[in-house]
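Before any comments, here is the structure.
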Protein chains: 2
Amino acid sequence: MGATKTEHFTDKQNAIATLTKALGHPARVAIVEYLMKVDTCICGDIVNELPLAQPTVSQHLKELKNAGLIKGNIEGNAICYCIDEKTIEKLQNYFTNISTKLTNKKNDCC
Amino acid sequence: MGATKTEHFTDKQNAIATLTKALGHPARVAIVEYLMKVDTCICGDIVNELPLAQPTVSQHLKELKNAGLIKGNIEGNAICYCIDEKTIEKLQNYFTNISTKLTNKKNDCC
DNA sequence: AATCTTTATCGTAATATTGCAATCTGAAAA
DNA sequence: TTTTCAGATTGCAATATTACGATAAAGATT
């Protein structure tokens, strides 16, 4: 074994897991934060910003794109990447929801 | 190779990655959602709620606990687990922050 | 056309994760 | 004390992830 049993969980649970898993690596967190930092989203220099080889960065970008966390357009000789706001909002709503429900319940017994 | 190069990233980036990685599995999302659903946090039946064997569930619980997403107390013969509100709030704040900054910038060019 | 530049892909090695059977641990019940 | 029960730990097999050198692809530059 070793493969995740996704079929036993709900679509929503798998969706959240896919998003959080995609962010579950410091390089990918760093990429998202860099994309947030720069003003323009024409960013042909993500590789230079990270302490990783170009193929590794390319792979991380692909994973973020597959998960829907970033969007990418071919821009001549470079690639224009930027954060997909809607996806971040999904995560924001998810955690806000949990937070709110927990505060209302006050079941903090541990 | 194959090991994540955590030393090249900031503590904050690693911290976020640790939290999101811990949630990056549908079983662990399901555990958190179950802990949220039940009123009491004396929960000796998480294993029955999940389509996984007992050792697997125990391992997932351990990972959630290591990441600080849940807290656990020994309660006689059972274990009392519950969500750590503060950690969820950290995630909430993180994504709210990104969301807000993106909305202000309106750099949605892709 | 030949070259340069940037990003993607392939192949592969090292390491991590997932899942479970078997087993251990420790408190409660008999 | 012995049994029982819930949960943790161990050990292992299957699979996934991470990282990078080599190479390919494709538009830009000369």
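The values are calculated or read from the model by the stated rules, or taken from the named source; none is laboratory data. Here the structure is a predicted model, which means the values were calculated and not measured. Using ideal geometry, Cβ is built from the backbone for each residue, glycine included, and neighbour counts are taken over all protein chains shown.
Spot the failing condition for A:Glu89; the list is (1) within 18 Å of B:Lys105 (Cβ to Cβ); (2) within 9 Å of DNA strand C (Cβ to nearest atom); (3) surrounded by fewer than 18 Cβ atoms within 10 Å (Cβ to Cβ), and only one is missed.
(2)
Residues of the stretch A:19-38 being more than 9 Å from DNA strand D (Cβ to nearest atom) and surrounded by 15 or more Cβ atoms within 10 Å (Cβ to Cβ), which ones? Show your work before the answer.
Within the stretch A:19-38, the subset more than 9 Å from DNA strand D (Cβ to nearest atom) is A:19-20, A:23, A:29-38.
Of everything in the stretch A:19-38, those that are more than 9 Å from DNA strand D (Cβ to nearest atom) and surrounded by 15 or more Cβ atoms within 10 Å (Cβ to Cβ) turn out to be A:Leu19, A:Thr20, A:Leu23, A:Val29, A:Ala30, A:Ile31, A:Val32, A:Glu33, A:Tyr34, A:Leu35, A:Met36, A:Val38.
When the stretch B:3-18 is examined, which residues are found to be surrounded by 15 or more Cβ atoms within 10 Å (Cβ to Cβ) and more than 10 Å from DNA strand D (Cβ to nearest atom)?
Hits for the stretch B:3-18 are B:Gln13, B:Asn14, B:Ala15, B:Ile16, B:Thr18.
Considering the stretch A:39-84 alone, what residues qualify as being modelled with pLDDT of 80 or more, more than 19 Å from A:Leu19 (Cα to Cα) and near DNA strand D (Cβ under 8 Å from one of its atoms)?
A:Pro51, A:Leu52, A:Ala53, A:Gln54, A:Pro55, A:Thr56
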